[in-house]
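In what follows, a structure is listed as structure tokens, so that the remarks can point back to it.
The values are calculated or read from the model by the stated rules, or taken from the named source; none is laboratory data. None of these values were measured; they are calculated from a predicted model. No Cβ is skipped: glycine too gets one built from the backbone with ideal geometry, and neighbour counts run over all protein chains shown. Keep in mind that these areas ignore ligands, DNA and RNA; they rest on the heavy atoms of the full protein, side chains included. Shrake-Rupley method; radii C 1.70, N 1.55, O 1.52, S 1.80 Å.
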Amino acid sequence: MTPEELSATIAVCIEEGIAAGEIALTNEDVVEVRVERPKVREHGDWATNVAMQLAKKAGTNPRAFAEIVAARLLTVEGIDAADVAGPGFLNIRLAAGAAGELARSIVHAGKDFGRGESFAGVHVNVEFVSANPTGPIHLGGTRWAAVGDSLSRLLEFHGATVTREYYFNDHGVQIDRFAASLLAAIKGEDSPEDGYGGAYILEIADQVLQDAMEAGERNPLELPHDQALEFFRVRGVHLMFDQIKESLHDFGVDFDIYFHEDSLHKSGKVERALDQLKESGSLYESEGAWWLRSTDFGDEKDRVVIKSDGHPAYIAGDIAYIRDKHERGAQLCIYLLGADHHGYIARLKAGAAALGYNPDSVEVIIGQMVNLVKDGAPLRMSKRAGTVVTMEDLVDVVGVDAARYALTRSSADATLDIDLDVLASATNANPVFYVQYAHARSAGVARNAAEYGMSRDEGFDAALLTHESEAALLGVLGEFPRVVAQAVDFREQHRVARYLERLASAFNQWYDRTRVTPQGDEQITDLHRTRLWLNDATGQVLRNGLGLLGVGAPERM
């Protein structure tokens, strides 16, 4: 019996109690029944607080409500015990056969085990990384690449249609400094004040010059300064962005849309969005500027949208971008932004509300810094980038899988410290090694079973899974759909990673205390075959979970 099946069974028992006149409610009053693992395992396999949720409305106390449900549960095949505890908790113990049936259910469900439908039919736009093409992706952007892609995978696993979007600008002060840095580097001059340094600048500049020469173009160094600067800006940005896309692809992250900020202005989308706000009265003129009545929508102050010189403020583009996303069909727009963007949350929601959209259709997730430690000391410099540690620096040391896992196993709003020595080690102290090794171990068990001539399909008796380590492993396996649902609901991918570590621990304890294959002259029995089902179910859940994090599930290590 899966946790979902148990929840449905409890709901049926409540409805039967209503029909029998034992519970003074209607079927419409019955809330979604949630079951969870008790903190103390001896209390049972599963527990629910549904009695405490419904008792008051039913005109009774929670313990009395729970007793009614418990009595009906005891008549259900596969339930060994249903006890009322404390103020009205209902603790449930499943028969070994009912609990063990989960293993076969997981194997049959395969890659769909844990899948949900909470976002079925919903179009979600997830915008992340969005770094301007002035240099390699730094650690903050690398974290967003891992987290954003994992959240996208989770939302898709729950039925959403997800658009992964990268928003960038190849104009502005940063790009001007980038172009000036390229030109200075190729001339052998010092980088300009506030310019960009590092080996990559000379690499890009050399490539721009080489491409021009190979194409038979005029040497850009012979052009007037302004023309040379523009030449290096256009070509340099193109090359840098190609490198960024390649780095992301190698990291397992590909975007559906690369959205050019300047297109909002050139297409007239900014002007049209602001005209809409003027017509609705959401903009007002004061001191020669146009202001958004953002305080009407929960912001701390009204925001200047059109400056007194007639030029749009940055928020004007944000507002047009929100409108554009919705017009493209997005029903939920998720932004992953850096730690210095807290003020954007209220203004983006206010912009959505002023346009007539539900402010909750805009969500902003704020991420914190990533710090790397190697040989006990902070790693602060990149050989290639010069001033910041990059995606390539991290991947070169630990690989893509370890990097992605490390960046997704902690809450995005917490500062993350990564010990590279631990992360590169093949020890249980390394969480990604620990989880991947558990999967490789399960694959090894399956290979050994095949060599013995064992076949799952020749026998399955869930009632034979009576060892305490089997009950513990089945309990953790049953939690996977709930953990995934919570990760989706709270946009917290790290719940999946932490769950996988618990699952690996439960699997390793089971592996150490039981045997799947026979020993010596021992004959193959249904116990061996049933344990093979349990082994394969564990491997499947480990694969499903690692896949949601964008991490591989090796079969040998």
Original post:
Just one of Arg515, Arg495 is within 25 Å of Met1 (Cα to Cα), free of Cβ contacts under 8 Å to residues at least 40 places away in the same chain and more than 35 Å from the chain's Cα centre (by Cα); which is it?
Top reply: Arg515
Original post:
Just a yes or no: is a residue in the stretch 337-349 surrounded by fewer than 22 Cβ atoms within 10 Å (Cβ to Cβ), at pLDDT 90 or above and farther than 25 Å from Asp275 by Cα?
Top reply: yes
Original post:
Which condition breaks for Ser286 when tested against (1) surrounded by 14 or more Cβ atoms within 10 Å (Cβ to Cβ); (2) over 20 Å from Ser361 (Cβ atoms); (3) not aliphatic (A, V, I, L, M)?
Top reply: (1)
Original post:
Does the stretch 296-319 hold any residues that are part of a helix (DSSP H, G or I), open to solvent by 50 Å² or more (accessible area, probe 1.4 Å) and either touching a strand residue (DSSP E or B) at 6+ places or on another chain (Cβ under 9 Å) or among the hydrophobic types (A, V, I, L, M, F, W, C) (or both), and which are they?
Top reply: Phe297
Subject >> So Ser181, is it more than 18 Å from the chain's Cα centre (by Cα) and part of a helix (DSSP H, G or I) >> reply: yes
Original post:
Does any residue of the stretch 168-177 turn out to be without any contact (Cβ under 8 Å) to a residue 12 or more places away in the chain and β-branched (Val, Ile, Thr)?
Top reply: yes
**OP:** For the stretch 51-73, indicate whether the set of residues that are open to solvent by less than 20 Å² (accessible area, probe 1.4 Å), part of a loop (DSSP other than H, G, I, E, B), among the β-branched types (Val, Ile, Thr) and modelled with pLDDT of 90 or more is non-empty.
**Re:** no
**OP:** Residue by residue through the stretch 502-512, note down the ones that are surrounded by fewer than 17 Cβ atoms within 10 Å (Cβ to Cβ) and either within 29 Å of the chain's Cα centre (by Cα) or at positive phi (or both).
**Re:** Arg502, Gln509
Original post:
Could you give every pair whose Cβ atoms fall below 6 Å, whose first residue belongs to the stretch 240-252 and is closer than 20 Å to Leu549 by Cα, and whose second residue is among the hydrophobic types (A, V, I, L, M, F, W, C) and open to solvent by 20 Å² or more (accessible area, probe 1.4 Å), counting only separations of at least 6 or pairs across chains?
Top reply: Phe251/Val400
Original post:
For Val147, are the conditions met, namely being of a type outside the set (Gly, Ala, Ser), open to solvent by 20 Å² or more (accessible area, probe 1.4 Å) and in contact with a Ser or Thr (Cβ under 8 Å, 6 or more places away or on another chain)?
Top reply: no
**OP:** Kindly list the number of the only condition in (1) open to solvent by 80 Å² or more (accessible area, probe 1.4 Å); (2) more than 35 Å from the chain's Cα centre (by Cα); (3) at pLDDT 90 or above that fails for His249.
**Re:** (2)
**OP:** Considering every residue within the stretch 446-465, establish whether at least one is touching a helix residue (DSSP H, G or I) at 6+ places or on another chain (Cβ under 7 Å), within 19 Å of Phe251 (Cβ to Cβ) and not in a loop (DSSP other than H, G, I, E, B).
**Re:** no
**OP:** Mind listing just one residue for me: the one in the stretch 93-147 that is in a helix (DSSP H, G or I) and of a type in the set (S, T, N, Q) and, of those, nearest to Leu248 (Cα to Cα)?
**Re:** Thr142
**OP:** Only residues that are surrounded by fewer than 13 Cβ atoms within 10 Å (Cβ to Cβ) and either assigned to a helix (DSSP H, G or I) or touching a residue at least 60 places away in the same chain (Cβ under 8 Å) (or both): list them for the stretch 9-33, please.
**Re:** Ala19, Asn27, Glu28
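So that you can scan it fast, the table gives a plain yes or no per residue for (1) among the acidic types (Asp, Glu); (2) under 19 Å from Gln493 (Cβ atoms); (3) open to solvent by less than 20 Å² (accessible area, probe 1.4 Å):
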{"residue": "Asp396", "(1), (2), (3)": "yes, no, no"}
{"residue": "Asp401", "(1), (2), (3)": "yes, yes, no"}
{"residue": "Ala414", "(1), (2), (3)": "no, yes, no"}
{"residue": "Asp417", "(1), (2), (3)": "yes, yes, no"}
{"residue": "Val422", "(1), (2), (3)": "no, no, no"}
{"residue": "Ala426", "(1), (2), (3)": "no, no, no"}
{"residue": "Ala429", "(1), (2), (3)": "no, no, no"}
{"residue": "His439", "(1), (2), (3)": "no, yes, yes"}
Original post:
Is it the case that some residue within the stretch 85-92 is at positive phi and either part of a strand (DSSP E or B) or touching a strand residue (DSSP E or B) at 6+ places or on another chain (Cβ under 8 Å) (or both)?
Top reply: no
